[in-house]
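Colleague: Please see the structure below; I have some questions.
The values are calculated or read from the model by the stated rules, or taken from the named source; none is laboratory data. If you're wondering where the values come from, they're calculated on a predicted model, not measured in any experiment. Neighbour counts are summed over all protein chains in view; Cβ atoms, including those assigned to glycine, are modelled from backbone coordinates with ideal geometry. Only protein heavy atoms, including side chains, enter the accessible area calculation; ligands, DNA and RNA are left aside. Shrake-Rupley method; radii C 1.70, N 1.55, O 1.52, S 1.80 Å.
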Amino acid sequence: MPLLLPHLIVYLLLVTVVTGEILRPRFYSETCPEAESIVRNEMKKAMIREARSVASVMRCDGSVLLDDTPNMLGEKLSLSNINSLRSFEVVDDIKEALEKACPATVSCADIVIMASRDAVALTGGPDWEVKLGRKDSLTASQKDSDDIMPSPRANATFLIDLFKRFDLSVKDMVALSGSHSIGKGRCFSIMFRLYNQSGSGKPDPALEPVYRKKLNKLCPLGGDENVTGDLDATPQVFDNQYFKDLVSGRGFLNSDETLYTSRETRGYVKRFSEDQGEFFRAFEEGMVKLGDLQSGRPGEVRFNCRVVNRRHVDVSLRDS
């Protein structure tokens, strides 16, 4: 089965909630009782077609689905998304199945939240009850996407400050970074680490030597920077291998390895590397907090995902 996991440089899922909404589990129990099972079945089908696509959906937030209009510059070509977004067609397929069962009922934002949970559960990770009832944002913002999405060069201090803006703790940030347990990243994202870390003309000293040689072979100078590499040693399984790799100096991205080399975050990395159950619990908590974030944007309960055209397949979900 081909691996199709985009490296979630997204630490933030940001399927945001319009201010004032009240979310609850089993929101569609009366209006669309099969909604969650439909989403999971479609995710299973997507996984069979291309394993990477289920992880891609984790990167997809509600507003990134919107295409540009004469009055709105959307998020698909933001600095964080260009050449790295993919698998919109999975959301389209889920929406189509839901429309057949329950026309104009389930919001796109709720679809993404359910599909993200299923992406984790279907690859061996935790399975939790999601709160639903989101309205879809009627607007998108390329500037917001640029301001929120961290660079693969980001260090732990930057990431801590970024997550703090959303009332997410250091523990939340480290746990949610574990989404990179499933995924791939492009050579483009690590060339500086391999050949010119911090402008030194040398590789990142945090890279374990044997692993660095492997990456040098995968990503040679002058080579194709769209070639992808695994984010951890078990890229099709959601587990705590990601944290074990960080402890061993085998983090693919600078923004990953910095979690172990930085004093503020190293303790959590070690704990999660030693106790998968603790990682899973912290990840669930962080995902629930993300799902509760308030956007403050105007929303509409039954916004139709199909305003998004089918050109998605030519766009690449974040190297992850």
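Colleague: Go through the range 254-267 and give me each residue that's closer than 24 Å to Ser116 by Cβ and surrounded by fewer than 24 Cβ atoms within 10 Å (Cβ to Cβ).
Modeller: Listed by number, the residues that qualify are Ser255, Thr265.
Colleague: A further question follows. Mind listing whichever residues of the range 153-167 are modelled with pLDDT of 90 or more and open to solvent by less than 60 Å² (accessible area, probe 1.4 Å)?
Modeller: Ala156, Leu159, Ile160 - these are the residues of the range 153-167 that are modelled with pLDDT of 90 or more and open to solvent by less than 60 Å² (accessible area, probe 1.4 Å).
Colleague: Would you point out the residue of the range 169-192, among those that are open to solvent by less than 10 Å² (accessible area, probe 1.4 Å) and not in a helix (DSSP H, G or I), that is modelled with the highest pLDDT?
Modeller: The qualifying residue modelled with the highest pLDDT is Ile190.
Colleague: OK, next. Kindly state which helices (runs of 4 or more DSSP H) lie completely within the range 193-268 and contain at least 1 residues that are touching a Lys or Arg at 6+ places or on another chain (Cβ under 6 Å).
Modeller: Those helices (runs of 4 or more DSSP H) span 209-218, 254-261.
Colleague: Separate question: So, in the range 90-122, exactly how many residues are open to solvent by 10 Å² or more (accessible area, probe 1.4 Å), β-branched (Val, Ile, Thr) and part of a loop (DSSP other than H, G, I, E, B)? Let's see the steps before the verdict.
Modeller: From the range 90-122, those open to solvent by 10 Å² or more (accessible area, probe 1.4 Å) are 92-93, 96-97, 99-105, 113, 117, 121-122; that's our starting set.
Of the ones still in play, those that are also β-branched (Val, Ile, Thr) are 105, 113.
Narrowing the set further to residues that are part of a loop (DSSP other than H, G, I, E, B) leaves 105.
Count: 1.
Colleague: Right, something else. Here is a list of conditions, (1) over 22 Å from Met114 (Cα atoms); (2) modelled with pLDDT under 85; (3) crowded, with 19+ Cβ neighbours inside 10 Å, and Lys143 meets all of them except one; can you say which number that is?
Modeller: (3)
Colleague: Then there's this: For the range 241-250, does any single residue satisfy the condition of being under 20 Å from Ser177 (Cα atoms) and among the β-branched types (Val, Ile, Thr)?
Modeller: There is at least one residue in the range 241-250 that is under 20 Å from Ser177 (Cα atoms) and among the β-branched types (Val, Ile, Thr).
Colleague: Arg186: more than 27 Å from Arg271 (Cα to Cα) and among the basic types (Lys, Arg), yes or no? Working first, answer last.
Modeller: Numbers: more than 27 Å from Arg271 (Cα to Cα): yes; among the basic types (Lys, Arg): yes.
The answer is yes for Arg186.
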